[in-house]
Each structure stands twice: as C-alpha cells, then as structure tokens.
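Each reported figure results from applying straightforward, stated rules to the coordinates on display, with no laboratory input. This one's a predicted model, so the numbers in the text were calculated from it and none came from an experiment. Cβ: placed from backbone, ideal geometry, glycine included. Neighbour counts: every protein chain shown.
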Amino acid sequence: MAYSKKEKFGNKDIRLAIFGKALAHPARVAILKKLAMHDNCYFSEISDNIPLADSTISQHLSELKKAGLVEWKYEPPRIKYFLNIANWKQARKYLKEFLKTKS
C-alpha cells in the first residue's frame, strides 16, 4: 500500500493543491460563482442553476467544504451555504503567486 508524502511539501503548496482539486470540476466552479454573486444561498437556489442530480451537487458542496472554500449554516429546515471569505482570499493569493512563476 502506498502512503502519502505530502509532509515533504510546503504548507502553501499543499493548500494550493487542495484548492486546485476543489476547483477541478465545472460544477464546483458554478457553485462558487453562484455563492460569489450572493451573500448566501440555500441548496435549492444552487441546484436550480446546475444541471445535475441533487445528490451529485451535495457531493460537490462536500468537496468545497472539505477544501474550506464553502461553509454552511443550518437554518431548520434548510441549510444556507456561503463562501469562506478568508480561505477564498487565500486561494486567490496562492493562485496569483503560482501563476506568476516562470516555467
């Protein structure tokens, strides 16, 4: 069984990879765009704009939450989703720094 060697990389590189993985699907990009246009959204407001099954959208939201880009708040009987602004700014900063590097 292979094991991860992530600890051999810097924290910035690890975080950038996590953010990159979260951005690696067009549905997740669409979710982030929707949340960026509004302070918050309920699940139904997100799912109305994405042509996927609700269960698939839930999985994508889960990946975005795992990466720290999206947060949620339970407001019975619904859940409100919103951007984690601090992590969103960090992701933008790391991506800008990365894109400035020369190959």
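Couple of notes before you dig in:
- Between the beta carbons of SER55 and GLU7, assuming R0 = 35 Å, the FRET efficiency works out to 0.55 to the nearest 0.05.
- For segment 44-54, 3J(HN,Hα) per residue [Karplus equation, 6.51 cos²θ - 1.76 cosθ + 1.60, θ = phi - 60°, Hz, x = Gly/Pro]: 4, 5, 6, 5, 5, 9, 10, x, 9, 5, 4
- Sequence-separation-based contact order of segment 10-99, relative, with Cα cut under 8 Å and 6+ spacing, percent: 33 percent
- Using alpha-carbon coordinates, inclination of helix 11-22 to the longest axis of the chain, degrees: 40 degrees
- Per-pair calculated FRET efficiency, R0 = 22 Å: VAL29 and THR101 via Cβ, rounded to 0.05: 0.45
- Cα-based values for the chain, radius of gyration first and Dmax second, are 15.2, 50 Å.
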